[in-house]
2 protein chains.
Amino acid sequence: MNHQKNSWIAVPQHSDFPLQNIPFGIIQYQNDTPHPATRIGDTVIDLFYLAEYGYFDSLDIKNLSPFSAPVLNDFIALGKQTTNAVREYLMKLFAEDNDYLKNDEKTKAMALIPVEEVELLLPLNIGDYTDFYSSIEHATNVGKMFRDPENALLPNWRHLPVGYHGRSSSIVVSGAEIHRPKGQLKPADSDQPVFGPSRRLDFELEMAFVTGKETKLGESVPVDQAEEYIFGMVVFNDLSARDIQKWEYVPLGPFLSKNFGSVISPWIVTLEALEAFRTASPKQDPEVLPYLSVSGEKNFDINLEVALQPENSEETLICRSNFKYMYWNMNQQLAHQTVNGCNIRVGDLYASGTISGSERDSFGSMLELSWGGKNPITLNDESTRIFLEDGDTVTMRAFCEKDNLRIGFGESVVKILPAV
Amino acid sequence: MNHQKNSWIAVPQHSDFPLQNIPFGIIQYQNDTPHPATRIGDTVIDLFYLAEYGYFDSLDIKNLSPFSAPVLNDFIALGKQTTNAVREYLMKLFAEDNDYLKNDEKTKAMALIPVEEVELLLPLNIGDYTDFYSSIEHATNVGKMFRDPENALLPNWRHLPVGYHGRSSSIVVSGAEIHRPKGQLKPADSDQPVFGPSRRLDFELEMAFVTGKETKLGESVPVDQAEEYIFGMVVFNDLSARDIQKWEYVPLGPFLSKNFGSVISPWIVTLEALEAFRTASPKQDPEVLPYLSVSGEKNFDINLEVALQPENSEETLICRSNFKYMYWNMNQQLAHQTVNGCNIRVGDLYASGTISGSERDSFGSMLELSWGGKNPITLNDESTRIFLEDGDTVTMRAFCEKDNLRIGFGESVVKILPAV
C-alpha cells in the first residue's frame, strides 16, 4: 500500500479529487465571468486568479489568455507539454509541505472557493462528437433484442470499432433537466407510425475522451501515437429513446433517438492522472488489421456505477460496470476515426458506447437491465422500472481505486422531466 | 418578361450574381484579415469597409463587430430583420440609379475587388451538420443496389425525412483538393476485410441550408415557422466512398465513408433571394403526420448540374437535376430535426441528401449514373468512368432562372488527389 502525498486543502475520505487528480473544468462564481478551474477535495481552484497573480510565471507560458476563456479549448490547445506542466505545478503548489500559496491570503481569498458555491459549466466548445459502440457485451445484447438473436454481432463488428456521428449541440453538463422527447413511434400492432412521447426512454453508461491536438484534413493519427492526441476523459450519459430509435435507425443510423440530450460530468480527468490504472484490454479475435494493432496496456480500470432515484425517493444502485471491459480501446477508436483522413480538432468528444459487462447487474442501459422490458428491475423503494419514468434522476459515477489512491470523475446527473 | 434593375457594377450575361442576388461569403484579400463580403457580377464587395466608412449607419445596427468577423455566424445571428435590411440596402446602393457609393472613390478603392483577386474562405463556423436523404428517386436507386430491389424504399421513408449526423470538421470550401480515402473494404469474394484506398469514390449532388436562429434544448421549430430559422443555401458535394460505406454502415449508419471531405460553394444565397423561384413539392403519399404537414409552395426550382473533368482534359456535363424533385422540403426537415427538443445553433448546416430525378441523366451520384458500376459513362474525351478517378475534378453548379432573372449559387469544385 503506497502512501500518497496529501494536500494542505482538506480532502474527505473517498473523495474523487485528491492531490493526484487535478482535473480541469469551467466554473462560474457569482457574477464573475466563467474561468478554468481545478478541484481538490471539495475546494475549487480558480486558475484565472492563479494566473493573474503570477503563479504560472515560472512555467513560461507565452500566452495566458486561455486562463480567462469561458471554455477549456484554448487551454487544452496549449499542448500536453504545457498542460502537464500546469498540472504538475498545481500538485506541488497544493502539497502539504508547500507554504507558497498556503501563506498568500490575498490570492487564496480569490482563487479558492467551496465547490457548492460555484456553478460547474460545460467545459468545452465541442466541435464534433462521435459515439462508438465498443463493448462487445452491449453490442451483443442489443443485437439480440433489435435484430437476430442467432447473429447478434454483425460481421463488421470484430474488424473495426463501429461508430457514428452524434449531435454536439445537445451535449450538456451534469445537473441538467431533460424533457422526455417526442417523436415517431411504430407500435408493433400498427401499420402506421404514431406521434407522441417516447415510452422507452433509456440511459447509456459511457465514458468519453476529449482530443487535445488537431490534425489537418488528409492526415491520420497512427494507433501507437493516439494517446498524444487524447487530453482526458469524462463520464457520458447518452440518453436514448429506444422506440424512436427502432423506427428511425434503418438504414442511416440513430438520429432523433439520441440527440435530445447527452450529459457529461463537469471535470475532465487527464490521461496522465489515470496512468496508475492502466490495464490490458480483452483479447481481440480475429486479429485486427495493422492500422488498429496496439501493444501494451491501453485500457484503464475505471469502476462505473449507475444510480436511479425516483422523484421524492431514495436512490438505488442499478448497475456496476467497468471501462476495462471495452473490446476496442481509445487508441484504436482514434486511429480508425482518422484513417481515412478525417481531421480532428481540440475539444472533440469521442464516446465509448454503452459499457456493459457480462453479468446482468453490469449492463449499462435499461434496455439490457430489463431485457427489452421483459424483466422489470425493483428499486429500493419497491417501485419497479423497465425504462425511465418522469421525475427519475440518473446518476453515473466513475472512479479508479488502487493502493490507497482513488482518482474519480465525479458525477453525471440528469433528471427526466415530462414531455413538453 | 420582367425587366430587372441593373447595377452600376458590370454584370456579365448569365452571371449567377446580379443585383438581385446579394449572397454573403467570407473573403481574404492579400494580407488583410478575412471579412464578410457580397458579390455582384465578378466584383466582390468587402462589407467591412462599407461598415467602417459608415455605409450601414442608417440601418441602426447596434453592434458592427460582425462585419469584421472571420466567419458569418455573428452576422447571421443579427437576425433576419437586420440581415434582410443589409441586403436590401446593398441592392439600393449598387442600383444603376444610385450615385452615393459610385462617386465615393475612396471607399470604392477599399471595398470593391475583382473576384479573381480574393480567396473565398469557408464562410461559417459549422456547429452541427445533418445530412438528410430526401430524394425519393435517390433513396429508391440506392435501396435497389445496396439492399433489396423489390423493397427498395424502407418502411419509414415516406413517414419521416430520414437523416443522420455528419462530421462538421471535414466540410471545406470550393476549390479544395481531397485525397482519396483509405479504409476497410470487403471484396465480394473474401470473408475478411482488406485495407486500402477506396475503389468506389463518388460524389453526391446536394444542396444545404444554413440555420440563422437558435433554439434552446427542449424547444421545437413548428413546421410552418421553419423558414424564419433558415438563413440561406449553398451547393453541397457529399463525397462518398461506396465500398467503405457498404462494409461499415450496418447498423449505425455511414461514418468514415462520408467524413473525409464535403465541399460547399462559398456564397450563401439567402432564402429571400430565391423568393421568385418557389414551387410546389411532389405530392406526399401517405399523408404525413401533423408536425410535418405544410401548405403552400415550400420547394424551390433550382437547376443543378454536375461536370466531371479528367486531369488535363475538358469537362463533361454528366448530370442535370433540380432541387424541386425533393420529396421532403427544408421546412419538414427542420421541424423533424427539432421535434424531439434537439436544439439548433446559428451556422448549422442541413444537407438535402443526393438529389436525383427520374431520368438517368438526372441521377446525382456516380453510383446511380453508372448503376453500381455496371454501365460506365463516357466523357467528351472518350474516357469512361464508373466512379471517380485520381485527378478528376467535380464541379457542381446551381442556379434559378425565370423571367430574365438568374439567381445562382456559383460552384462547388473539388479535385481528387491520389490516396496519401
Residue that is least open to solvent (accessible area, probe 1.4 Å), among those in region A:378-420 that are among the polar types (S, T, N, Q) and free of Cβ contacts under 8 Å to residues at least 24 places away in the same chain: A:THR384
Exclusive hit being open to solvent by 10 Å² or more (accessible area, probe 1.4 Å) and under 21 Å from A:ASN84 (Cβ atoms), set A:GLU227, A:GLU219: A:GLU227
Test: residue in region B:91-106 that is closer than 27 Å to B:ALA208 by Cα and of a type outside the set (Lys, Arg): yes
Members of region B:136-176 found to be farther than 25 Å from B:SER293 by Cα, at the interface with another protein chain (Cβ under 9 Å from one of its Cβ atoms) and either open to solvent by less than 20 Å² (accessible area, probe 1.4 Å) or in contact (Cβ under 8 Å) with a residue 60 or more places away in the chain (or both), listed by number: B:VAL142, B:GLY143, B:PHE146, B:GLY166, B:ARG167, B:SER168, B:SER169, B:SER170, B:VAL172, B:ALA176
Residue that is farthest from A:LEU292 (Cα to Cα), among those in region A:113-135 that are open to solvent by less than 40 Å² (accessible area, probe 1.4 Å) and over 18 Å from the mean Cα position of the chain (by Cα): A:ILE113
Tally, over region B:248-275, of residues that are in contact with a His (Cβ under 8 Å, 6 or more places away or on another chain) and surrounded by fewer than 23 Cβ atoms within 10 Å (Cβ to Cβ): 0
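How about region A:220-258: which of its residues are part of a strand (DSSP E or B) and more than 10 Å from chain B (Cβ to nearest Cβ)? So that I can check it myself, show each step before the final result.
So the first thing to find is which residues in region A:220-258 are part of a strand (DSSP E or B), and the list is A:230-238, A:240-241.
Scanning region A:220-258 gives A:ILE230, A:PHE231, A:GLY232, A:MET233, A:VAL234, A:VAL235, A:PHE236, A:ASN237, A:ASP238, A:SER240.
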Unmet requirement for B:VAL194, which otherwise passes all of (1) within 22 Å of A:ASP128 (Cβ to Cβ); (2) without any contact (Cβ under 8 Å) to a residue 12 or more places away in the chain: (1)
Region B:241-267 - residue that is of a type outside the set (Lys, Arg) and in contact with a helix residue (DSSP H, G or I) (Cβ under 8 Å, 6 or more places away or on another chain) and, of those, farthest from B:ASP403 (Cα to Cα): B:PRO251
Close pairs from region A:296-314: first in the same structural domain as A:GLN284 (by TED's automatic domain parsing) and free of Cβ contacts under 8 Å to residues at least 40 places away in the same chain, partner assigned to a strand (DSSP E or B) and surrounded by fewer than 19 Cβ atoms within 10 Å (Cβ to Cβ), Cβ under 6 Å, at least 6 apart: A:GLU297/A:ARG278; A:GLU297/A:THR279; A:ASN299/A:THR279
Selected residue (only one of A:LEU59, A:LEU47 is among the aliphatic types (A, V, I, L, M) and more than 25 Å from the chain's Cα centre (by Cα)): A:LEU59
Matching residues in region B:191-206 - criterion: being crowded, with 23+ Cβ neighbours inside 10 Å and charged (D, E, K, R): B:ASP202, B:GLU204, B:GLU206
Single residue of B:ASP403, B:ASP390, B:ASP381 found to be touching a Leu at 6+ places or on another chain (Cβ under 9 Å) and of a type in the set (D, E, K, R): B:ASP390
A:GLU214 vs. criteria out of contact with any strand residue (DSSP E or B) (no Cβ under 9 Å at 6 or more places or on another chain) and not small (Gly, Ala, Ser): yes
1 or more residues within 14 Å of chain B (Cβ to nearest Cβ), of a type in the set (Ser, Thr, Tyr) and open to solvent by less than 10 Å² (accessible area, probe 1.4 Å): qualifying strands (runs of 3 or more DSSP E) within region A:282-359: A:349-351
Odd one out for B:SER362, checked against (1) more than 14 Å from chain A (Cβ to nearest Cβ); (2) over 30 Å from B:PRO149 (Cβ atoms); (3) small (Gly, Ala, Ser): (2)
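Yes or no, residue by residue, for (1) in a helix (DSSP H, G or I); (2) assigned by TED's automatic domain parsing to the domain that holds A:THR215; (3) of a type in the set (Phe, Trp, Tyr); (4) open to solvent by less than 70 Å² (accessible area, probe 1.4 Å):
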| position | (1), (2), (3), (4) |
| --- | --- |
| A:ALA10 | no, no, no, no |
| A:ILE45 | no, no, no, yes |
| A:PHE48 | yes, no, yes, yes |
| A:SER58 | yes, no, no, no |
| A:PHE67 | yes, no, yes, yes |
| A:PHE75 | yes, no, yes, yes |
| A:ALA85 | yes, no, no, yes |
| A:LYS92 | yes, no, no, no |
| A:LYS106 | yes, no, no, no |
Enumeration of residues in region B:178-190 that are open to solvent by 10 Å² or more (accessible area, probe 1.4 Å), farther than 13 Å from B:SER257 by Cβ and at the interface with chain A (Cβ under 9 Å from one of its Cβ atoms): B:HIS179
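The values are calculated or read from the model by the stated rules, or taken from the named source; none is laboratory data. Worth saying up front: this structure is predicted, and the values here are computed from it rather than measured. All Cβ positions, glycine included, derive from the backbone under ideal geometry; neighbour counts span all protein chains shown. When the accessible area is computed, the model is the full protein with side chains, heavy atoms only, and any ligands, DNA or RNA have been set aside. Shrake-Rupley method; radii C 1.70, N 1.55, O 1.52, S 1.80 Å.
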